[in-house]
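Reading through the structure tokens given below for one structure.
The values are calculated or read from the model by the stated rules, or taken from the named source; none is laboratory data. Since this is a predicted model, take the numbers as computed values, not measurements. Cβ placement follows ideal geometry from the backbone for every residue including glycine, while neighbour counts extend to all protein chains displayed.
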Amino acid sequence: MQKGQDKKQVGLSLICAILVIVLDQLSKSWVRGNLTIGESLPETGFFRLTYVANPGAVFGLPVNQTFLLIITTLVILLIIPLFLYYLSARYRSPITSLCIICFGLILGGAIGNLIDRLRFAYVTDFIDIRLWGNFHWPAFNFADASIVIGTCTLAYALFRSGLFRKVYDHNRNNRN
């Protein structure tokens, strides 16, 4: 890749990450400033804004290990770009703009939640979807949504680029 192209890709990724961080932090700030923990707007219905202070991990799984979650986030933030670089160099597969945008979404989401963990020792979740009766999806936030969308779309983009086929063929040929 050319240096100019690399700078554009880094810029695109950073722009996506910054947009996610700003949206995430502004929305969480609004929730913390206007709702009390456990309060919902509206009080009933399919979609609610419910202030949840989540000291755990993904989907509210109980971990309560803030330091461990911070270290894990930092390690993942280092692994993803190294992984993309490795795939690009090893299998001579160009990293598409969609992959770069996905990395920006993942990066922004991870940093958004990391900011919460560093400031409050918990993540502010508030998007609460009630599926039926008292069953509801665990509350989440824009950072969480960004990470999930970025990860799923990255897997799709890598699949569509033919990279998975290249890795499979390369591994199969090396065994024979």
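Miscellaneous remarks
- Within region 103-125, residues that are on the phi > 0 side of the Ramachandran plot have Cβ atoms under 6 Å from residues that are of a type in the set (Val, Ile, Thr) in these pairs: ALA121/THR66, counting only partners at least 6 apart in sequence or on another chain.
- Residues that are within 30 Å of THR44 (Cβ to Cβ) and buried (at least 18 other Cβ atoms within 10 Å of the Cβ) within region 100-121 comprise GLY109, GLY112, ASN113, ASP116, listed in sequence order.
- Here is the figure for region 141-176: residues that are in contact (Cβ under 8 Å) with a residue 24 or more places away in the chain and not in a helix (DSSP H, G or I) total 3.
- Of the residues screened, ALA110 is one that is modelled with pLDDT of 90 or more, within 16 Å of the chain's Cα centre (by Cα) and among the aliphatic types (A, V, I, L, M).
- Considering region 78-99, the residues that are aliphatic (A, V, I, L, M) and exposed (fewer than 15 other Cβ atoms within 10 Å of the Cβ) include one that is modelled with the lowest pLDDT, namely ALA89.
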